[in-house]
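The values are calculated or read from the model by the stated rules, or taken from the named source; none is laboratory data. The structure displayed is predicted, hence computed values, not measured ones. Here Cβ is always computed from backbone atoms with ideal geometry, including for glycine, and neighbour counts include all displayed protein chains.
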Amino acid sequence: MKMKNLKKILAMTLICVLTAAVFAGCGGPQDEMIIGVTPNPPMNYQDDDGKWTLGFDTEFAEAVCKILGVKAKFVEIVWDSKEAELKAGSIDAVWNGMTITPQRAEEMDISIPYMNNGQVLVVRAEDEEKYKGLLNDLGAVAVVAEAGSTLEETVKSHAMFANVNYTGVDKQTTGIMEVKAKVADVTLVDLTLAVETIKPGTDYADLVYIEVSDFVEHFGIALRKGSDNFEGAKITLTKLNDAIKKLQDNGKLLEIAKKYGLEDLLIKN
């Protein structure tokens, strides 16, 4: 009898713990929004002390959290595991230059779009003209892209990449490093990242990016699915969208975008 009672107590305790975790993760009584990010300048990156204080999305998230009455806490995640991290409650949001797709919208609550983006090919400058002439079929070259990203989806689905030798990498910046080191020939990255990373005076001034008209995207912010269903929650899709609109209307979002040279990509309303 004692063993049965113990099992019941343990079962009830587990249910309470899980319920509390789900509620807290969905913006219930918590005082912070735990935001999953990866190094992705100019959207999210760390200062010299390793703190996530820099980047458009970083400052955008802090401005939204101020409106919602919570503190922004940034944690580095593996991009390929972002959906699992949200579902498990280890993070409350994915806020990292995330492209909106129908598949992601089925698995997560996604905000209104706030920025236009594109995907670009990054190659060594010496090879630029060669690849500009191969945009219908790159051939059997070594291509890398961030695993679990829409960049990877493009590589796997677009005819341009039908004959390439593809390898997934952990971050977009890793792909750029591999092209520079001649480990890979081509990497596909976000336009926002390429503009910030590949320019005179940087470590990647010997690389160039090639824009492709087919690859147009829009960025959004992801919350756990069903975030609006928790009564009294601080972090919900409706409240997130309202905060975004407020920052669009009062000019704060444009102010942050100008700081990072992204004002031309910003969706104004």
Candidate set: the stretch 165-195, residues that are touching a residue at least 60 places away in the same chain (Cβ under 8 Å) and of a type in the set (V, I, T); chosen: the one surrounded by the most Cβ atoms within 10 Å (Cβ to Cβ): T187
message: Which of the numbered conditions does L121 fail, given that it passes all the others? Conditions: (1) farther than 21 Å from E255 by Cβ; (2) in contact (Cβ under 8 Å) with a residue 40 or more places away in the chain; (3) outside the structural domain of V183 (by TED's automatic domain parsing); (4) not aromatic (F, W, Y).
response: (3)
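Being within 20 Å of D264 (Cα to Cα), within 19 Å of the chain's Cα centre (by Cα) and of a type outside the set (V, I, T) is the filter here; which residues of the stretch 171-209 pass it? Let's see the steps before the verdict.
So in the stretch 171-209, the residues within 20 Å of D264 (Cα to Cα) come out as 189-199, 209.
Now drop any that are not within 19 Å of the chain's Cα centre (by Cα), which leaves 189-197.
Across the stretch 171-209, the qualifying residues are D190, L191, L193, A194, E196.
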- prompt: Can we say L247 is at pLDDT below 95, of a type outside the set (D, E, K, R) and buried (at least 19 other Cβ atoms within 10 Å of the Cβ)?
  reply: no
- request: List every residue pair whose Cβ atoms sit under 7 Å apart, with the two residues 6 or more apart in sequence or on different chains, where the first one lies in the stretch 245-269 and is at negative phi and without any contact (Cβ under 8 Å) to a residue 60 or more places away in the chain and the second, anywhere, is among the small types (G, A, S) and surrounded by 13 or more Cβ atoms within 10 Å (Cβ to Cβ).
  value: E263/A257
Matching residues in the stretch 64-74 - criterion: being assigned to a helix (DSSP H, G or I) and buried (at least 20 other Cβ atoms within 10 Å of the Cβ): V64, C65
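Does any residue of the stretch 191-200 turn out to be part of a loop (DSSP other than H, G, I, E, B) and modelled with pLDDT of 95 or more? Spell out the reasoning first.
To start, the set of residues in the stretch 191-200 that are part of a loop (DSSP other than H, G, I, E, B) comprises 198-200.
From what's left, modelled with pLDDT of 95 or more: none.
Looking through the stretch 191-200, none of the residues is part of a loop (DSSP other than H, G, I, E, B) and modelled with pLDDT of 95 or more.
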